[in-house]
């Protein structure tokens, strides 16, 4: 884990500059398409994750495969959880060397699937920035509608040439009154 960033006052005192990158990301956000092959449960998880990331303004189209993996892993985790249903041990019939059938209690094999899918689900959620800890690490995407603070329909939007500094404009110089020339 890296060192926490210094405060601006500390940089000013020490005469140094901050190297922390706190600005928005250089890419534009966008909503990826929902893959057709996902199950209905996975599609719900996909839509929920997309909505969360969109609200936080951290969603980019390149997250599509990670979101797809997250949704399918979530569906697998839910299925394993439903199949396990709190049964830690499972009784299975086993035949020994003498041909006798005995019932043996074993650990439920679905627990292994549940454990690996939950670990994978947590890792994917962290890489997407869905956990509370990783929320602050994700950079916000640049909004397409932002135009340097220009409100749509305002004078700056409708007539930008009025507010832009132009180099070929002659500065206004007030003329001296007519009576001032005669005095000299």
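At a glance:
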quantity: Per-pair calculated FRET efficiency, R0 = 30 Å: residue 140 and residue 163 via Cβ, rounded to 0.05; calculated: 0.65
quantity: Calculated Rg and Dmax of region 23-144 using C-alpha coordinates, Å; calculated: 20.3, 75
quantity: Förster-model FRET efficiency, 25 Å R0, residue 92 and residue 120, C-beta, rounded to 0.05; calculated: 0.40
quantity: Förster radius 25 Å - calculated FRET efficiency between residue 150 and residue 56, Cβ distance, rounded to 0.05; calculated: 0.55
quantity: Range of Cα positions in region 62-122 per principal axis (Å), largest first; calculated: 60, 22, 14
quantity: Inter-label distance for residue 7 and residue 103, nm, one decimal - labels placed 7 Å from Cα along Cα-to-Cβ; calculated: 6.8
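Read-outs throughout are calculated quantities, based only on the coordinates presented, and are distinct from any laboratory measurement. Bear in mind that the values here come from a model prediction, so they are computed numbers and not experimental data. Using ideal geometry, Cβ is built from the backbone for each residue, glycine included, and neighbour counts are taken over all protein chains shown.
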